[in-house]
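Working notes, structure below.
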């Protein structure tokens, strides 16, 4: 069955009852099914999230009882956990913006420490950031690229922003190994 917006309405009781009962159909005609208790939602019929036209209802209309708008007009400050700030921090764009911010504010540090996040550590003995388990900074030969050949018919997996570079090289139709040897 092809599901369209007209099927996703409050009046489509067949859909909502099937979801409530945890029915899993095994054929395209909708005649053979099993019920899985893990997917059953006994109270679903009282919290259907759409109206008769298929429009999403506000949560206050079906999920929340006695909701009060007490502090929406208060002044908000950074890091207070306001609704807008929480939504931004939980968004898919937020981690990328943090990367851009870090690369913009301290480009040399970001470029060094984030290229391969498993390569460096703070060495307490020397009070410096050095290559892990070594007492020196890495040379150019120590740097590896994500998806570079490991020499044994495998590829290297390297964590850090070099993955973006590697994928950009591959997106443009080039081989990471070929670009490294240029």
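Only the coordinates and a few stated rules stand behind these numbers; no lab work does. It should be emphasised that the depicted structure is a prediction, and the values quoted were computed from it without experimental measurement. Every residue, glycine as well, gets a Cβ built from its backbone with ideal geometry; the counts of neighbours run over all protein chains shown.
Structure values in brief
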quantity: Order by protection proxy (mean Cβ within 10 Å, highest first), peptides 129-137, 34-42, 109-117; calculated: 109-117, 129-137, 34-42
quantity: Sites residue 134 and residue 157, calculated FRET efficiency, Cβ-Cβ separation with R0 22 Å, nearest 0.05; calculated: 0.60
quantity: Stretchable slack from residue 104 to residue 170, in nm (0.36 nm times residue separation minus alpha-carbon distance); calculated: 21.2 nm
quantity: Value of relative contact order over the stretch 5-62, rounded to a whole percent, pairs C-alpha under 8 Å and six or more apart; calculated: 39
quantity: Value of [θ]222 nm, deg cm²/dmol, for the chain, DSSP H segments ≥ 4, -39500 (n - 2.57) each, nearest 500; calculated: -8000 deg cm²/dmol
quantity: Cα shape, the stretch 79-123, gyration tensor, a/c 1.5 rule; calculated: prolate
quantity: Gain in span if fully extended, residue 82 to residue 41, counting 0.36 nm per residue against the direct Cα distance; calculated: 11.6 nm
quantity: Over the stretch 133-182: Rg over Rh, Cα atoms, Kirkwood Rh; calculated: 1.00
quantity: Prolate/oblate/rounded label for the stretch 5-62 (Cα gyration tensor, a/c 1.5); calculated: oblate
quantity: GNM flexibility winner over the chain from 108, 84, 124 (Cα, springs under 10 Å); calculated: 124
quantity: Contact order normalised by residue count of the chain, Cα under 8 Å, 6+ apart, percent; calculated: 11
quantity: Principal axis dimensions, the chain - Cα atoms, whole angstrom, descending; calculated: 68, 52, 32
